[in-house]
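Written out below as structure tokens is the structure these notes cover.
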Amino acid sequence: MKIAIVHDWLVTFAGAERVLASMLKIWPQADLFAVIDFLSDEDRARLGGKQAKTTFIQRLPKARTRYQTYLPLMPLAIEQMDLSGYDLILSSSHAVAKGVLTGPDQLHISYVHSPIRYAWDLQHQYLTESGLNRGLKGKLARMVLHYMRFWDQRTAAAVDDFVANSRFIGRRIDKAYRRPSTVIYPPVDTSGFSFNSEKQDYYVTASRMVPYKKIPMIVQAFAAMPDKRLVVIGDGPELAKARAVAGPNVTILGQQPFEVLRQHLQNAKAFVFAAEEDFGITPVEAQACGTPVIAFGRGGVLETVRGLDAPAPTGVFYPQQSVEALMAAVHTFERESHRISARACREQAEQFSEQRFERQIRQFVEVRYAEAQLTPINMPPRLTLAAVNKAPPAVVTPM
């Protein structure tokens with residue numbers, strides 16, 4: 001069996017690349033494809049040293065730093081990949097990877113981190129945050145995203161099986177493509193975060209400082225609560241805004257090495273989270289340290305954190321991305337924290353380990369491939385991974 005693994009682009013090592021790394025660990029003989037590949041040597045080592053076969057965009061001017069500007073060309077680029085010699089194609093997609101061309105005798109399974117966010121339900125938020133909600137550039141951006149939606153929906157028909165990284169994304173897949181999916185949560189390196197039940201008197205948040213992460217909002221909320229300490233880790237375009245609203249009780253460390261992040265997650269009384277994420281890895285990492293989570297109650301975090309209304313809660317949710325709602329949640333946490341145990345947080349995080357992901361994705365692919373040898377690929381039977389793996393519905397759920 002010849003296997004191809006297709007990824008959108010390789011420029012940094014983040015959540016999607018962790019999924020890719022696990023896939024390459026399971027199938028080290030697979031050939032890797034991507035629109036561009038500019039990984040550092042350190043990040044490439046985490047992919048087993050694998051170099052991707054790339055597209056013509058790799059050779060375009062400033063492709064390393066301005067690759068987003070080539071988005072209109074990416075559908076064309078991804079369709080030029082010749083995968084005709086492969087039996088199994090696995091795509092790891094949050095943009096265009098799922099759009100590769102495959103034939104009737106090939107099985108294409110797409111692990112979807114999200115349908116193209118900025119082309120579907122987050123289009124208006126993306127245009128506003130990018131300053132593209134007005135003027136000629138704004139009109140051109142809307143035209144490009146309109147085209148991307150048509151292409152994204154059309155290419156979904158050629159995927160044999162969709163795997164979603166959360167039930168939240170499973171609903172997006174159904175909304176955008178009208179296709180079912182099976183949920184297999186992405187891998188989190190829970191073993192890299194040591195459990196600690198002894199906490200210090202501060203809160204922590206850590207993130208890339210981009211608009212949708214709402215880091216300045218978190219800083220502003222704690223500036224209004226001068227008796228509570230907050231440590232902020234991360235860098236990005238919103239860093240100056242966060243520093244502008246910080247009070248003396250807020251320490252902004254900027255970008256830090258992994259060991260500094262881990263120590264702060266281990267010792268904090270709670271991790272504060274304000275984004276609406278598809279899955280959200282850092283809240284799971286915090287729980288792996290035995291640290292509760294205070295989170296905006298939308299998106300994948302509802303599947304990775306147990307709120308106060310659940311047995312053995314591991315965190316507190318708040319209903320709006322606002323300073324007032326977050327402040328109320330912090331007060332609720334301090335009042336109810338006796339109900340949240342560090343051990344419960346750790347046990348919750350273990351449901352999302354790398355070992356669990358690798359076992360489940362391997363079994364799903366192997367069963368699906370075996371079935372495809374006996375059944376026309378264009379008429380696949382529905383497969384529930386829970387039946388294959390005997391996994392609890394909270395971990396793997398057919399959409």
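What follows is calculated from the coordinates using simple rules that are stated; it is not laboratory data. These numbers come from a predicted model, not from an experiment. Here the Cβ is made from the backbone with ideal geometry for all residues, glycine too, and neighbour counts use every protein chain on show.
Specify the angular offset, from 0 to 90 degrees and rounded to the nearest 10, of the alpha carbon long axis of helix 323-336 from the longest principal axis of the alpha carbons in the chain. With rounding to tens, the tilt is 70 degrees. Relative contact order of the chain: 14 percent, from C-alpha pairs under 8 Å at least 6 residues apart in sequence.
Helical runs (DSSP H, four residues minimum) scored at -39500 (n - 2.57) apiece and divided by the length of the chain put the mean residue ellipticity at 222 nm at -11000 deg cm²/dmol. Looking at the stretch 190-350 alone, DSSP beta bridges between its own residues are antiparallel in about 0 percent of cases.
The charge dipole of the chain, taken about the Cα centre with unit charges on the Cβ atoms of Lys, Arg (+1) and Asp, Glu (-1), comes to about 800 debye, rounded to the nearest 20. Considering only alpha-carbon pairs that sit under 8 angstrom and 6 or more positions apart, the relative contact order computed for the stretch 190-350 is 24 percent. Potential lengthening of the chain between Q363 and D43 amounts to 112.5 nm, from the contour at 0.36 nm per residue minus the alpha-carbon distance.
Kindly flag which residue pairs out of K25/K53; K139/K213; K139/K175; K50/K214; K2/K213 have an alpha-carbon separation exceeding 28 Å in this structure. With Cα atoms farther than 28 Å apart: K50/K214; K2/K213.
Evaluating 6.51 cos²θ - 1.76 cosθ + 1.60 at θ = phi - 60° for every residue in the stretch 280-292, the Karplus couplings come out as x, 7, 4, x, 6, 4, 4, 5, 4, 7, x, 9, x Hz, glycine and proline recorded as x. The simple spin-label model puts a point 7 Å past each Cα toward its Cβ; for L60 and L136 those points are separated by 2.0 nm.
Proximity of backbone amide H atoms, modeled 1.01 Å from N, is registered between A274 and F296 at under 5 Å, excluding neighbours fewer than 5 places apart on the same chain. In this structure, the amide hydrogen of I252, modeled 1.01 Å from its nitrogen in the peptide plane, lies closer than 5 angstrom to those of V232, counting only residues at least 5 positions away or on a different chain.
Packing, taken as the mean count of other beta carbons within 10 Å per residue, orders the peptides 85-93, 134-142 from highest to lowest as 85-93, 134-142. Length gained on full extension, E129 to S197, computed as 0.36 nm times the residue gap minus the Cα-Cα distance: 20.6 nm. The GNM of the chain, with springs linking C-alpha atoms under 10 angstrom apart, assigns the highest mean-square fluctuation among E42, E285, E276 to E42.
Taking the DSSP beta bridges with both ends in the chain, the antiparallel portion is around 0 percent.
Can you tell me the orientation of helix 258-267 relative to the chain, as the angle in degrees between its alpha-carbon axis and the longest Cα principal axis, to the nearest 10? In the chain, helix 258-267 runs at an angle near 50 degrees to the longest axis. In terms of packing, defined here as the mean over residues of other Cβ atoms within 10 angstrom, the peptides 61-70, 18-27, 169-178 line up highest first as 18-27, 169-178, 61-70.
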